[in-house]
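Below: the structure, in structure tokens.
Nothing in this text is a laboratory measurement; each read-out follows from the coordinates by a stated rule. Nothing here was measured: the structure is a model prediction, and the numbers come from that model. Backbone-built Cβ (ideal geometry, glycine too); neighbour counts: all protein chains shown.
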Amino acid sequence: MTDPNTEVAIVGAGPHGLSAAVHLRRAGVDARVFGDPMSFWRSMPAGMLLRSNWSATNIAEHRGELSLDSYQAESGTRFSTPVPLERFIEYGEWVQRKAVPDLDRRLVASVSRRDHGFGLALDDGDEVTARRVVVACGIEPFAWRPVELRGLPPTLVSHTGDHSDFSHFAGRRLAVVGGGQSARECAALAHEAGADVQILARAKKLVWLRGVGVKKRLGRLGPTVYAPTDVGPLWYSRLVACPDLFRRLPRRAQTRIARRSIRPAGSHWLIDRLTDVPLELDCRVVAASATDDGLELQLANGARRHVDHLMLGTGYRVDITKYPFLERALLSDLKRVEGYPILTRGLESSVPGLHFLGAPAAWSFGPIMRFVSGSWYGGRAVTQRVLEAERTTSVSIPEGPQIGIDTRLGSAERASRSA
């Protein structure tokens, strides 16, 4: 392969991909972004509201020229928390126009290794090359469907991520499985669209988020003890906001803190909207079968429910092998645990020069990477790693045999060996 077309290719144009581009370009790094901007967010149900607070809903930075405050000042648009999905999408597209006006909207069909970096085959048959690749493709391929429910057609069983509109459920019996934000908000939206909804949750008690109220009671101490990233309870907030510190904790502590920080919960503003929606706790669907007039659900306690449709608010489970563009040979070289890539400084994988942002980085860098506010750290960390690599390769090499530096290697591989 000849010299790469670009230093860094970013696959994905959501909050994490845009953030990486922002920080890299500010540092003078040649970064090229591929993808449909905010596409995953545009597939979400109309009418949704974001769970995160105002500061945590910012892309790349919570203060500065690309913040929500700057967007409102420039666009004249006015909204507050909870931030409507439609306004967040518009904000994200504004960030893209401001920071990445040359976005390449073609999709990446495959990523493979080359002698001095990577080759990216695009959906139109073109190919580009890059020294480094940043994967920032979100969680859409990771939608989790329980094994016992996978054999049923989508007309009877679907995932909350499959829907952008609930009007077609009007007058129909709908059961929503799950106790998290997605399940509860989709149930509320379907109910408001005229569906006969019931929620079936495995939990024995639902958790409601009241972080705003807690911070108000703390007064001036609120911003000091509770991080603007808005991830985790009060006593973990500052810790998970510092991924470099979090990843140095014992794995058992990391797991405990992560589970506590992302446990299924719902925003307090959903309570009133679900007043008329029946809720059954400590309830698990173990089987489902099609009937002449819909679907029969069998519960773990032996009870049965008859509905027209079952919607799974069962969340997402990271498994990077489900990214269709990662070639098999590349995947075989990636060290993974439970579907997550094992990442080091700069969110770099075991394949030198290949980075992962967003939810796939959560096993290595903590729960903050699952949220928009994790884009602040991710963009900066990747940029710092790239700059370190550039400094390494810019050092002049004296004549004669060298130890630890292979002049035949590309910048990505030299950097990884010198780290």
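Structure data summary
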| quantity | calculated |
| --- | --- |
| For V33, distant residues with modelled amide H under 5 Å away | I10, D104 |
| Sites Q298 and D162 - FRET efficiency at Förster radius 22 Å, r taken between beta-carbons, to 0.05 | 0.45 |
| For segment 125-188, with +1 on Lys and Arg beta carbons and -1 on Asp and Glu, the positive-most of V128, S158, A175 along the dipole | A175 |
| Structure-based [θ]222 nm, the chain - -39500 (n - 2.57) summed over DSSP H runs of at least 4, per residue, nearest 500 | -8000 deg cm²/dmol |
| Stretchable slack from R259 to A121, in nm (0.36 nm times residue separation minus alpha-carbon distance) | 45.9 nm |
| Added length on full extension, which subtracts the Cα-Cα distance from 0.36 nm per residue, E148 to H268 | 40.0 nm |
| Derived scalar couplings ³J(HN,Hα) [segment 324-341; Karplus, 6.51 cos²θ - 1.76 cosθ + 1.60; whole Hz; x for Gly, Pro] | x, 8, 7, 5, 4, 5, 5, 4, 5, 8, 8, 6, 9, 9, 6, x, 8, x |
| Trypsin sites (Lys or Arg not before Pro) restricted to DSSP loop in segment 2-71 with at most 14 other C-beta within 10 Å | R63 |
| Added length on full extension, which subtracts the Cα-Cα distance from 0.36 nm per residue, R42 to L279 | 82.4 nm |
| Cα extents of the chain along the three principal axes, largest first (Å) | 79, 53, 44 |
| 3J(HN,Hα) from dihedral phi, segment 190-201, Karplus parametrisation 6.51/-1.76/1.60, rounded to Hz, x for glycine, proline | 5, 4, 5, 8, x, 7, 8, 9, 9, 10, 10, 10 |
| Long-range HN-HN contacts of C283 with modeled amide H, under 5 Å | A201, R202, A203 |
| Counting DSSP beta bridges with both ends in the chain, the antiparallel % (nearest 5) | 45 percent |
| Per principal axis, descending, Cα span of segment 214-363 in whole Å | 55, 54, 25 |
| For segment 143-153, 3J(HN,Hα) per residue [Karplus equation, 6.51 cos²θ - 1.76 cosθ + 1.60, θ = phi - 60°, Hz, x = Gly/Pro] | 3, 9, 10, x, 3, 5, 10, 7, x, 8, x |
| Segment 233-289 - Kirkwood radius from inverse mean 1/r over Cα pairs (Å) | 14.7 Å |
| Cα gyration tensor, segment 1-60 - rounded (a/c under 1.5), prolate or oblate | oblate |
| Lys/Arg +1, Asp/Glu -1 at C-beta; the chain dipole; positive extreme among G12, A46, L200 | L200 |
| Listed residue (S261, F356, F325) projecting farthest to the positive dipole end of the chain, Cβ model | S261 |
| Tilt relative to the chain, helix 374-394 - C-alpha long axis, 0 to 90 degrees, to 10 | 10 degrees |
| W208 long-range amide H proximity, modeled H, under 5 Å | G266 |
| Angstrom value of the Kirkwood radius, inverse mean 1/r, which spans all Cα pairs in segment 122-185 | 15.5 Å |
| Neighbourhood charge, 10 Å Cβ-Cβ cut-off, centred on R273 and excluding it, Lys, Arg +1 and Asp, Glu -1 | -3 |
| Net charge over other residues, Cβ less than 11 angstrom from the Cβ of M44 (K, R count +1; D, E count -1) | -4 |
| With at most 12 other Cβ atoms within 10 Å, longest stretch of the chain clear of loop GluC sites (Glu not before Pro) (DSSP) | 1-337 |
| Order of T255, T57 under a 10 Å beta carbon neighbour criterion, fewest first | T255, T57 |
| For T6, T344, order by how many other beta-carbon atoms lie within 10 Å, fewest first | T344, T6 |
| Fluctuation leader among G125, G379, G17 - the chain, Gaussian network, Cα springs under 10 angstrom | G125 |
| Cα-only Debye scattering, segment 1-146: base-10 log of I(q)/I(0) at q = 0.09, 0.11, 0.19, 0.20 Å⁻¹ | -0.31, -0.46, -1.13, -1.20 |
